[in-house]
1. Looking at the square roots a ≥ b ≥ c of the eigenvalues of the Cα gyration tensor of the stretch 540-603, which shape do they give, rounded for a/c under 1.5, prolate if a/b is larger than b/c, or oblate?
2. DSSP beta bridges in the stretch 76-188, what fraction antiparallel, as a percent rounded to 5?
3. On full extension of the chain, what length is gained from residue 638 through residue 39, given 0.36 nm per residue of separation minus the C-alpha to C-alpha distance?
4. Helix-only estimate, please: 222 nm mean residue ellipticity of the chain, summing -39500 (n - 2.57) across DSSP H runs of length 4 or more and dividing by its residues, to the nearest 500.
5. Using 0.36 nm times the number of residues separating residue 407 and residue 537, minus their current alpha carbon distance, what extension gain do you get?
6. So, R0 is 35 Å and r is the distance between the beta-carbons of residue 152 and residue 333; what FRET efficiency does that work out to, to 0.05?
7. Quick one: grab the alpha carbon gyration tensor of the chain, order the square roots of its eigenvalues as a ≥ b ≥ c, and give me rounded if a/c is under 1.5, else prolate or oblate depending on whether a/b is larger than b/c.
8. Expressed as a whole number of Å, what is the distance separating the alpha-carbon centroids of the stretch 369-444 and the stretch 64-81?
């Protein structure tokens, strides 16, 4: 059985390929694919297989894979879905190492398609690597392989890798990116991911020396837990840029019908991006812009921007875009300001950041010295230039007879390159597409030529302030991530006492919902302090328990079917004597029978009343793609209304626990607010880590709530708790 990254290299650098479905009809999918391989210049042996025809594109057509004179390393299958399993089985029998199934009509289509895809999976398990079905295949300049419409793709390789579940977007993303200067190491349109999924490809590309930047268009993930783990351990090593779609109800439905993907909840994906440091882009343009930025600045950049504009409006627009992207414009030092004041005219310019130099046609010497001053200024990590005319035709169009000479414009054009090389400081240029009429097409050609010139010198070019600063914000985030160490808890092989107690508890449980008493015993074993309830089946037992604890006490119904006890009046607080307890016992049993007539009433819990504290909640749920997630936030009966909560995928690191607490609104109260004492936040972080460890060790837990958790100055106490088990556990 093939696992993880084994055999993936055959998709990108095979020595020989057979196209099954290539025919003597040029318009067929198989023939188009074979033609694309020839056009890109595939250097290995090519074969064609079809049940009819004699020759295609100068190659003999064989009737089956078994008739081939040699054994190809890669098969590209372009036949009707119903024949897919038989063809794949024949490929495996022949000894083919890997297969790309380009055909559609599988799990994304109907029940019969799902059955055919399951058959594909079973054959793959016998030892042949499969990509697809329902995909466009791979593009790798070094291997001279390409996707169906990619015979014209560039033959020079770059450092960007792209994964896309969509076949159309294998071209729809790369085509405009090629025009902007981006070059790819590897592209994979992997479709339904029945055998080779996004986690396999991410792991492979993180190890690939030809790939420095990972990008992806994702509708859903097949193996979310593994995808998360790989992205997390590689945080800060290579940029991971993801355009995740299908987060609305309609988008999720469309994703399901497109690639059979489970799209996932928006909150879950928010959590994924927080914990992995992966860059979340919202559009195709952002994906391409960010790839452009990293292609020129692979290590990212700092957040300090010196922004220079040849007009005042641009400084305002740029300042807004800069701040919204999380970048900042540091004030110039007195020395830098003095240098700028000497260089620039006093009228129309102010020596502050952002800097308006008053004209888009600055004199060469002044422009050079201004950029040198900015490059030498403290706190400046990157220089962003806009509204300077570096192109001859554009200068003439906007300035007419007053435009600089061609030689002057050429000299100005070289200045950003010289500054970047002299100071080893990133320079970014904004070249807007100012004129869009057909009569101005020469200006657009000039703009693109200028863009390509700067890209060749490692200077990224963007079309607007907004696009430039969004990309720079992502680059700055990656730079910050490079210094982060994530202390992911190591796997523990020995079983804890908590695990033993948990297994014993569920063995004797009569329901998939553990009661408060069972839950608190388990929590205590994992180091979580809680009140200690006693189960009482009679009024007399309740009074005895209360007097043993000492008043005041709290009483609650114990029933696997009643989870929200307060909602039906089955919780009684601050009971101060025996009469209160007797009354409360009868009231709780009565209201429970009335409001939940079909519930099993095991009795009433009695426990000492905890002193008031700040009400918090710690919970756990399971996501279908990423597995267990821990929740933290403001607790109490209004938790579902206020929704002041945060999530993290387990296992939690200490950084995760800290961030979870600090990104909630209740954090303001935890620090102490308007005279209230602060709460022991490090203690809460430890609790989250303990819950994470508990959840990891006990996969039978489906959901858990500790609500409320009373937080104090020195500790915290679980006042109520509920654990719901997976259905198959009981």
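No value in this document is a laboratory result; all are computed from the given coordinates. The structure presented is a predicted model; accordingly, all values stated were derived computationally and were not measured. Don't worry about glycine lacking a Cβ; one is built from the backbone with ideal geometry, like all the others, and counts go over all protein chains shown.
1. prolate
2. Approximately 25 percent, going by the DSSP bridge assignments.
3. Length gained between residue 638 and residue 39: 209.3 nm.
4. -12000 deg cm²/dmol
5. Result for the pair: 37.1 nm of gain on full extension.
6. Given R0 = 35 Å and the Cβ-Cβ separation, E is 0.10.
7. oblate
8. About 54 Å separates the Cα centre of the stretch 64-81 from the one of the stretch 369-444.
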